[in-house]
Amino acid sequence: MSTGAKDHAQLSDIFNEDEARVDWHDETLWFVRAKRDKAAHGLPEWETLRETASQIKDNVLSNLHDYLLQFEANAEKNGIKVHWAANGDEHNKIVHSILKESGVNRIVKSKSMLTEECHLNDYLHKNDIEVIDTDLGERIVQLAEEPPSHIVLPCIHKKKEEIGELFHKHLGTPEGASDPVFLTAAARDHLREKFITRKAAITGVNFAVAETGEFVVCTNEGNADMGAHLADVHIACMGIEKILPLRKHLSVFLRILTRSATGQPITTYSSHFKKPRPGQTMHIVLVDNGRTTQLGREDFRNSLKCIRCAACMNTCPVYRRSGGHSYHTAIAGPIGSILAPNLDMKNYADLPFASTLCGSCSNVCPVKINIHEQLYKWRQVIVKEGYADPKKAMAMKAMDFTLSNPSIYKIAGKAGRWVLKHAPFTVNNKLNLWYKHREMPEPPKQSFGEWYKQNNKND
Amino acid sequence: MTVGLFIPCYIDQFYPNAAIATLTLLKKLGVDVVYPTKQTCCGQPMANSGFEHLTQGCNDLFIENFSEFDYVVSPSGSCVLHIKDHLHADKAEDKALGIRKKIYELTEFLTDVLKVEKLTASFPHKVGVHQSCHGQRGLMLAQMTELVEAPFSKPLHLLNMVEGLELINLKRPDECCGFGGTFCVAEEAVSVKMGKDRVADHLNGGAEYITAADMSCLMHMEGILRRQNSNVKVIHIAEILNAQEF
């Protein structure tokens, strides 16, 4: 998305201008985190499930090449056409060429974070193909001409009144109508016509099974099924890391996915697609787009275990108070902050710093990605690659000098306390970001070191 | 047993009472404590900002100051975690590793090494406990609400031995306060909002004091409390465990 050149801190500043809205956003997502907790705590084997899921994904990442080829062979045996895309651009071109061959210029699409990552909608739009997002939340942000702010709850940043206004403008609902049930019914009518008339459907992929060549798409609204079952052409787009070795592994992943995401035991629809129905063509586009690069970064490779449940976003105290758009990337929150620098280190140099490293993300992650440790490691990489603010680099060098020299540290500490006591105006001003909303600590008469020297003369 | 007392730089400079309480408490419990006077900082402010490569000076100094002791104890979970995870020295890696194994945060030292079961402390006040993230999730001083595991808490175990102390309930018992080192100025808006929300949870619970095993979180929350002209105070857990108020 385009947010000008603003970084996470600046965008969060803007988000925080409306404190009541920040409170609402925080409470809404905390509610989802609480539902997740309830679902997880309902299963005594929860931690074992997480560990199992993590190990299955470790195995996948270590044998990705073989599983992908196995999947390709089995999928083709089932009558699915398999395409390989090295990057987002190739992916978009492949999808476009399939649609062109099929003579289709209006399509429906269910939720796929991969297509967001590749900016497929923009690409197809430029090529005169109309895309209707059929996930309700995605349709709402599409009408608002905004990107999703959350990977599971795309319009979580919008209040029902704002959605009512959008529907009034675009779908002709009565002005002021904001009852969620009423608005959902209106969306249902609106989308039904699209499902019936569109000849091609794009879906995402939650899991692809190497053993059988099938893939699984999870939705709560059934919109992926409505699209795929009514269309002559079904295109499923998936990142290459979505592979699972065996069908039975779904018994682990389908149990953890939605419990982590929304606190439900399982998605309403977990649909298995194995072969096209007679007369239908089915395509799978396997997309790399930086994933093999990430696989080669030892410290960051296990970020590819992600199953896009968004538990890390819901629990993140920073995400809840800065909003998804402040991350200026398709996948926001803690997981987005460790994925994005792999794709563009310069543009996303701010994201690993948009965290207190509290570690809650790693604790909720159902596949045990060490997210907060990777945030720390990305910081080191970003600084070494030269993407840190030069002013910060200078300050850090000065800090290193002071803290490596005990006598200089003592003088600096004393001077600092003296300034706070006798010339507080030099720090209690708007140039000092601490002071904007916080008082400075009261300087004590003496440091502990000075006190110790006075009281322990023999040491 | 000789313990080297590690007092983090900002506690040394701004919160000497927390350090004095730590020293007094350890002595009261019969520990032979030494404070190496040439210590400065663990290097975390630089490392968390992405400049871990600049921390060798701090690391060398830390090793010089602390390698001789049986244990190193510090009243800061965050600084202890940093040393445990990141203390290295090409020339003396064995010494660095030794320190990483024998460094303890105060409440975990009292619970796990000294196995304290009784304290003569009294603090008749309503107290809210802030679970500092690095102590809790990093050093595992207490069970985390995200995990499906049996509950425990080393700080609470100790606070329950203090006479007169009344613990208040929080809506979110282990949410981060938003200090986060340089995060507190680099991401000022979110940091402050997180701090305000944490403080509000304690105020709603009726706390007279907010305590923690990390002074940095408390410094951040104190800044907010004082800006709000609140009467609620922050106090390091060592000061409560050492208190004789009646």
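The values are calculated or read from the model by the stated rules, or taken from the named source; none is laboratory data. On a predicted model such as this, the values are computed, not experimentally measured, just so you know. Cβ atoms come from the backbone with ideal geometry, glycine included; neighbour counts cover every protein chain shown.
If you check residue A:391 against the conditions, is it within 33 Å of the chain's Cα centre (by Cα), without any contact (Cβ under 8 Å) to a residue 40 or more places away in the chain and more than 7 Å from chain B (Cβ to nearest Cβ)? Please lay out each step first, then the result.
Values: within 33 Å of the chain's Cα centre (by Cα): yes; without any contact (Cβ under 8 Å) to a residue 40 or more places away in the chain: yes; more than 7 Å from chain B (Cβ to nearest Cβ): yes.
The answer is yes for residue A:391.
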**Study point:** Pairs, first more than 7 Å from chain B (Cβ to nearest Cβ) in segment A:9-25, second crowded, with 16+ Cβ neighbours inside 10 Å, C-beta under 6 Å, six or more apart
**Key:** A:11/A:326; A:15/A:322; A:15/A:323; A:15/A:326
**Study point:** Among (1) within 21 Å of residue B:34 (Cα to Cα); (2) crowded, with 19+ Cβ neighbours inside 10 Å, the one test that residue A:417 misses
**Key:** (1)
Check your understanding: Among the residues of segment B:108-116, is any farther than 30 Å from residue A:48 by Cβ, within 18 Å of the chain's Cα centre (by Cα) and either crowded, with 22+ Cβ neighbours inside 10 Å or within 14 Å of chain A (Cβ to nearest Cβ) (or both)?
Key -> yes
**Study point:** Candidate set from segment B:16-50 (those that are free of Cβ contacts under 8 Å to residues at least 40 places away in the same chain and in a helix (DSSP H, G or I)); member that is surrounded by the fewest Cβ atoms within 10 Å (Cβ to Cβ)
**Key:** B:27
**Study point:** All positions within segment B:123-164 that are within 22 Å of residue A:260 (Cβ to Cβ) and not in a loop (DSSP other than H, G, I, E, B)
**Key:** B:133, B:136, B:137
Check your understanding: Can you tell me which residue in segment A:319-333 is surrounded by the fewest Cβ atoms within 10 Å (Cβ to Cβ), limited to those that are in contact with a Ser or Thr (Cβ under 6 Å, 6 or more places away or on another chain) and part of a helix (DSSP H, G or I)?
Key -> A:325
Check your understanding: When residue A:380 is evaluated against the numbered criteria (1) outside any helix (DSSP H, G or I); (2) without any contact (Cβ under 8 Å) to a residue 24 or more places away in the chain, which criterion, by number, is the only one it fails?
Key -> (1)
Practice item. Report, by residue number, each residue of segment B:199-218 that is crowded, with 24+ Cβ neighbours inside 10 Å, within 18 Å of the chain's Cα centre (by Cα) and more than 14 Å from chain A (Cβ to nearest Cβ). Key: B:210, B:211, B:213
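Which one is nearest to the other protein chains (Cβ to nearest Cβ), of the residues in segment B:3-15 that are part of a loop (DSSP other than H, G, I, E, B) and of a type in the set (A, V, I, L, M, F, W, C)? Give the derivation first.
First, the residues of segment B:3-15 that are part of a loop (DSSP other than H, G, I, E, B): B:6-8, B:15.
Now drop any that are not of a type in the set (A, V, I, L, M, F, W, C), which leaves B:6-7.
On the way: B:6: 11, B:7: 5 Å.
Among residues in segment B:3-15 that are part of a loop (DSSP other than H, G, I, E, B) and of a type in the set (A, V, I, L, M, F, W, C), the one nearest to the other protein chains (Cβ to nearest Cβ) is B:7.
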Exercise for review: Provide a single number: the residues in segment B:97-122 that are free of Cβ contacts under 8 Å to residues at least 60 places away in the same chain, outside any loop (DSSP other than H, G, I, E, B) and of a type in the set (D, E, K, R).
Suggested key: 5
Practice item. Count, please, the residues in segment A:296-318 that happen to be under 22 Å from residue A:151 (Cβ atoms), more than 14 Å from every other protein chain (Cβ to nearest Cβ) and either over 20 Å from the mean Cα position of the chain (by Cα) or outside any loop (DSSP other than H, G, I, E, B) (or both). Key: 5
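Mind checking whether some residue in segment A:404-411 is in contact with a strand residue (DSSP E or B) (Cβ under 8 Å, 6 or more places away or on another chain) and either within 9 Å of chain B (Cβ to nearest Cβ) or buried (at least 16 other Cβ atoms within 10 Å of the Cβ) (or both)?
No, there is no match, as no residue in segment A:404-411 is in contact with a strand residue (DSSP E or B) (Cβ under 8 Å, 6 or more places away or on another chain) and either within 9 Å of chain B (Cβ to nearest Cβ) or buried (at least 16 other Cβ atoms within 10 Å of the Cβ) (or both).
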Check your understanding: When residues of segment B:51-72 are filtered for being aromatic (Phe, Trp, Tyr), in a helix (DSSP H, G or I) and more than 8 Å from every other protein chain (Cβ to nearest Cβ), how many remain?
Key -> 2
Review point. Looking at segment A:380-396, which of its residues are among the basic types (Lys, Arg), surrounded by 13 or more Cβ atoms within 10 Å (Cβ to Cβ) and at pLDDT below 90?
Key: A:392
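In this structure, does residue B:146 turn out to be farther than 29 Å from residue A:432 by Cα, among the acidic types (Asp, Glu), within 12 Å of chain A (Cβ to nearest Cβ) and surrounded by 21 or more Cβ atoms within 10 Å (Cβ to Cβ)?
yes
Does residue A:293 fit the bill of being of a type in the set (Val, Ile, Thr), over 12 Å from the mean Cα position of the chain (by Cα) and farther than 25 Å from residue A:88 by Cα? Please lay out each step first, then the result.
On the way: of a type in the set (Val, Ile, Thr): yes; over 12 Å from the mean Cα position of the chain (by Cα): yes; farther than 25 Å from residue A:88 by Cα: no.
So residue A:293 fails the test.
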Practice item. Might you let me know whether segment A:368-379 holds any residue that is surrounded by fewer than 19 Cβ atoms within 10 Å (Cβ to Cβ) and facing another protein chain (nearest Cβ under 9 Å)? Key: yes
Practice item. Count, please, the residues in segment B:154-179 that happen to be within 20 Å of residue A:364 (Cα to Cα) and buried (at least 19 other Cβ atoms within 10 Å of the Cβ). Key: 5
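Checking the condition at pLDDT 95 or above and under 17 Å from residue A:367 (Cα atoms), which residue from A:73, A:53, A:34, A:86 passes? Please lay out each step first, then the result.
Numbers: A:73 fails: under 17 Å from residue A:367 (Cα atoms); A:34 fails: under 17 Å from residue A:367 (Cα atoms); A:86 fails: under 17 Å from residue A:367 (Cα atoms).
Being at pLDDT 95 or above and under 17 Å from residue A:367 (Cα atoms) holds for just one of A:73, A:53, A:34, A:86, which is A:53.
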Check your understanding: If residue B:93 passes every condition in (1) of a type outside the set (S, T, N, Q); (2) more than 19 Å from the chain's Cα centre (by Cα); (3) under 24 Å from residue A:452 (Cβ atoms) but one, which one does it miss?
Key -> (3)
Check your understanding: Being more than 11 Å from chain B (Cβ to nearest Cβ), of a type in the set (A, V, I, L, M, F, W, C), surrounded by 15 or more Cβ atoms within 10 Å (Cβ to Cβ) and over 25 Å from residue B:187 (Cα atoms), is that true of even one residue in segment A:45-55?
Key -> yes
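When you scan segment A:422-431, do you find a residue that is within 8 Å of chain B (Cβ to nearest Cβ) and either in a helix (DSSP H, G or I) or over 25 Å from residue B:56 (Cα atoms) (or both), even just one? Walk me through how you get there before you give the answer.
Restricting attention to segment A:422-431, the residues satisfying the condition of being within 8 Å of chain B (Cβ to nearest Cβ) are none.
For segment A:422-431, residues within 8 Å of chain B (Cβ to nearest Cβ) and either in a helix (DSSP H, G or I) or over 25 Å from residue B:56 (Cα atoms) (or both): absent.
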Check your understanding: Do you know which residues across segment A:30-42 are among the hydrophobic types (A, V, I, L, M, F, W, C) and either in contact with a Ser or Thr (Cβ under 7 Å, 6 or more places away or on another chain) or surrounded by fewer than 22 Cβ atoms within 10 Å (Cβ to Cβ) (or both)?
Key -> A:30, A:31, A:32, A:34, A:39
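Quick check on segment B:153-182: of everything there that is within 14 Å of chain A (Cβ to nearest Cβ) and of a type in the set (A, V, I, L, M, F, W, C), which residue is farthest from residue A:355 (Cα to Cα)? Explain how you work it out, then say what you get.
Of the residues in segment B:153-182, the ones within 14 Å of chain A (Cβ to nearest Cβ) are B:170-182.
Add one more test, that the residue is of a type in the set (A, V, I, L, M, F, W, C), and what stays is B:170, B:176-177, B:179.
Working: B:170: 23, B:176: 10, B:177: 12, B:179: 10 Å.
If we take residues in segment B:153-182 being within 14 Å of chain A (Cβ to nearest Cβ) and of a type in the set (A, V, I, L, M, F, W, C), then B:170 is farthest from residue A:355 (Cα to Cα).
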Practice item. Go through the residues of segment A:44-55 one by one and say whether even a single one is in contact with a Lys or Arg (Cβ under 8 Å, 6 or more places away or on another chain), polar (S, T, N, Q) and closer than 25 Å to residue A:142 by Cα. Key: no
Check your understanding: more than 8 Å from chain A (Cβ to nearest Cβ), more than 24 Å from residue A:9 (Cβ to Cβ) and in a helix (DSSP H, G or I) - does that describe any residue in segment B:190-198?
Key -> no
Review point. Scanning for something within 14 Å of chain B (Cβ to nearest Cβ) and among the hydrophobic types (A, V, I, L, M, F, W, C), does segment A:342-349 turn up at least one residue?
Key: yes
